[in-house]
Amino acid sequence: MKHTSLLRIALRFWIAMASVFSFLVGWVMLAHSPKPVANSASAVAPQAVLVGAAPTLAPLPSLDLSSNSNSGGVQVPQLSIQQPSGLPGQAPVFTTGGS
Amino acid sequence: MQTLELVAMNTSVLLAAEGQNGVASGLEAAQAFIEQSERRFSRFLPQSEVSCLNQSAGEWRIVSQELMEMLVLSLGYYHETGGLFDPSILPALKRAGYDRSMNEIRHHGASAFREAPQSARADFRQIETDTEGQRVRLPPSMEIDLGGIAKGWIVEKAATLLEGYSTACAVSAGGDIVFRGSPRDSWGWRVNIEDPLDPSRVVWGLQLGPCAVATSSVAKRSWQQGGRVRHHLIDPRTAEPVAADALSVTVVSPTMVAAEVYAKALLIGGERERPRLASRRPELVYFVVRSDGSLVGTPTGAEHVDDLHFTHPR
């Protein structure tokens, strides 16, 4: 029993010492690491690579709901497709047999 | 693919085209061209340029550049086919009852048969052309019918016009068809050759690249005259509707006018003349439905037409 108790105390001591040591090592590493500088080129360049230039977007057209004649409900923008007749599709099959 | 259907030149016309922009405008322009050309070259309209030329036979007459082009082409094909293609058969066509449009014949019947006049018929070679002065003189009593070649010419020009608005297009007038380009969603253009005895049946199915197709048939444009069946294909050698050994001939050719002329000449010429005629134009491929219903084709000519494949369902 006495032997087990000594081992337990030694283990606790070792964990406490390892924790303190790790804390101190971390402190020293952070203290010696380079600090960020707001206007330096080396700091801006990686940021530019990651984010990229923001595209210039045209302003969105406003939804003018007041001009729509339908009363009530959601208004849907209308598309105008002009075709003489028929719908876009596959080529027709032609027939020849004299006329 | 956008399409436009209309009735012109006494037949149904189908225009088809695909492309980015302006296809609709192209279809409308092609339609306007076809309708305007019909008014100029129809022999059934008394004020058309062809009717005016016929009325002035024996005198020099100034003609349009387009009519001159057609007449010069006709003279060339007259010589090339040994006279089997002959636009001066109009008097014989009228005697056979085709002196009015097919619509009128269908509704009111054909006129009675008239004996041929004793005087010798003027030879088409006697037509005089002055290309510099753009003048033409038909021999006295000659009347010409540019029907077939004019239709082919109009279809070809309409396709060229439509091609300017599209990436691929087709123009068909009663089975005279010109294809330009290739449709985006398929390998080629599909054409069915119909059975002359049963138009609901297909005797050949073709898949074609850019080319032209025309069919001449004795089964179409036929009528009764004095108890006899008459049709519109006049044999210039007899001045009578041809007693053909075939019901129809379809020709695939690089150009529409050649297809139109040779479909007619190969049908009128019969089996005896066909090898001689075909040897003059090795680039042509033709398909014959004989009078007994059997089929004869020229697959050996297929190498001269780009992308020709055909199926033979019988």
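The values are calculated or read from the model by the stated rules, or taken from the named source; none is laboratory data. Being a predicted model, the structure only gives us computed values, none of them experimental. Note that we place each Cβ from the backbone using ideal geometry, even for glycine, and neighbour counts take in every protein chain shown.
The set of residues in region B:142-176 being aliphatic (A, V, I, L, M), touching a strand residue (DSSP E or B) at 6+ places or on another chain (Cβ under 8 Å) and over 23 Å from B:Arg43 (Cβ atoms) consists of B:Ala159, B:Leu162, B:Ala168, B:Ala170.
Taken across region B:41-58, residues that are closer than 19 Å to B:Ala159 by Cβ and either away from every other protein chain (no Cβ under 14 Å) or buried (at least 18 other Cβ atoms within 10 Å of the Cβ) (or both) do occur, with at least one present.
Restricting B:Gly152, B:Gly181, B:Gly174, B:Gly188 to residues that are under 23 Å from A:Gln90 (Cβ atoms) and within 19 Å of the chain's Cα centre (by Cα) narrows the list to B:Gly174. Of the residues making up region B:62-74, none is crowded, with 22+ Cβ neighbours inside 10 Å and within 11 Å of chain A (Cβ to nearest Cβ). Each residue in region B:203-246 was checked for being part of a strand (DSSP E or B) and more than 8 Å from chain A (Cβ to nearest Cβ), and 21 of them qualify. Candidates are the residues of region B:10-33 that are buried (at least 22 other Cβ atoms within 10 Å of the Cβ) and closer than 13 Å to B:Ile154 by Cα; the one that is nearest to the other protein chains (Cβ to nearest Cβ) is B:Leu15. Of the numbered criteria (1) modelled with pLDDT under 90; (2) under 28 Å from B:Glu5 (Cβ atoms), the one B:Phe113 fails is (2). Looking across region B:192-202, the residues that are part of a strand (DSSP E or B) and more than 17 Å from the chain's Cα centre (by Cα) come down to B:Asn192, B:Asp195, B:Asp198, B:Pro199, B:Ser200, B:Arg201, B:Val202.
Could you grab me the full set of residues in region B:177-195 that are facing chain A (nearest Cβ under 7 Å) and either modelled with pLDDT of 90 or more or under 12 Å from B:Leu15 (Cβ atoms) (or both)? Write out each step before concluding.
From region B:177-195, those facing chain A (nearest Cβ under 7 Å) are B:177, B:183, B:185-186, B:189-194; that's our starting set.
Within region B:177-195, B:Ile177, B:Pro183, B:Trp189, B:Arg190, B:Val191, B:Asn192, B:Ile193, B:Glu194 meet the criteria.
Pull out all pairs, ordered by first then second residue, where Cβ-Cβ is under 7 Å, the residues are six or more apart or on different chains, the first lies in region B:114-130 and is under 13 Å from B:Leu90 (Cβ atoms), and the second is at pLDDT 70 or above and of a type in the set (S, T, N, Q). Between residues of region B:114-130 that are under 13 Å from B:Leu90 (Cβ atoms) and residues that are at pLDDT 70 or above and of a type in the set (S, T, N, Q), the close pairs are B:Ala122/B:Ser88; B:Ala122/B:Ser141; B:Phe124/B:Ser88.
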